[in-house]
Amino acid sequence: PSYERLVKEVSYVLNSELQVAGIHPAALHGRAKSIDSFRAKVARKQYSNPLEEITDFAGVRIVCHYEADAARIAHAIRREFNVVEYVDKTLGLGIDKMGYGGTHFIVTLGSRYSGARYDGITDLKCEIQVRTVLQDAWAMISHQLSYKNEDSVPPRLQRDLNNVSALLEIAQRTFDNVRE
């Protein structure tokens, strides 16, 4: 229940901030991780202390149309929350690999948020993912096809999935350039 409250609060703050900034995301949604999802993640990965190491018990995803919007959203996140961790998944790929793109923030509400409404949730972590519509499309399809069963996907098909990621990255740049 605390993580469900956290998701609602983070979503509310983000919706408010994006509205003020004139950013109209394609989607903004959140969820608290279910017990079944937690169990599956622990079974799939090697955690020494899953309750400490897993940082997405609460998660919010913002899907925007353009990279410039993603940068503005990142700025709003840094302004409104305590950022514990930031990862740009695209930079992690380097120049010669393709795959999942987007940015992830691990945030807390922190002491800025006080009062009964925030009791018990200010220090809980929430993962905020920011990605474009095209990054989101690739991530959803790739996730369903291979993420949780990567070992069962033949290398050639995994390469094909990553090639699709490259095409979508080029398409995103084209859309961004046309917009400018």
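The values are calculated or read from the model by the stated rules, or taken from the named source; none is laboratory data. None of these values were measured; they are calculated from a predicted model. Cβ sites come from the backbone with ideal geometry, for glycine too, and all protein chains shown count toward neighbours. Surface accessibility is based on the protein's heavy atoms, side chains included, excluding ligands, DNA and RNA. Shrake-Rupley method; radii C 1.70, N 1.55, O 1.52, S 1.80 Å.
Among the residues in the range 97-116, are any buried (at least 19 other Cβ atoms within 10 Å of the Cβ), out of contact with any Lys or Arg (no Cβ under 6 Å at 6 or more places or on another chain), under 21 Å from His24 (Cβ atoms) and modelled with pLDDT of 85 or more?
The answer is yes, given that some residue of the range 97-116 is buried (at least 19 other Cβ atoms within 10 Å of the Cβ), out of contact with any Lys or Arg (no Cβ under 6 Å at 6 or more places or on another chain), under 21 Å from His24 (Cβ atoms) and modelled with pLDDT of 85 or more.
Taking Ser11, is it small (Gly, Ala, Ser) and open to solvent by less than 70 Å² (accessible area, probe 1.4 Å)?
Taking the combined requirement at face value, the residue satisfies it.
In the range 25-55, what residues are touching a residue at least 24 places away in the same chain (Cβ under 8 Å) and touching a helix residue (DSSP H, G or I) at 6+ places or on another chain (Cβ under 8 Å)?
Pro25, Ala26, Ala27, Leu28, His29, Gly30, Arg31, Ala32, Lys33, Ala40, Arg44
Does the range 77-84 contain at least one residue that is open to solvent by 20 Å² or more (accessible area, probe 1.4 Å), outside any helix (DSSP H, G or I) and under 19 Å from Ala139 (Cα atoms)?
No, because not a single residue in the range 77-84 is open to solvent by 20 Å² or more (accessible area, probe 1.4 Å), outside any helix (DSSP H, G or I) and under 19 Å from Ala139 (Cα atoms).
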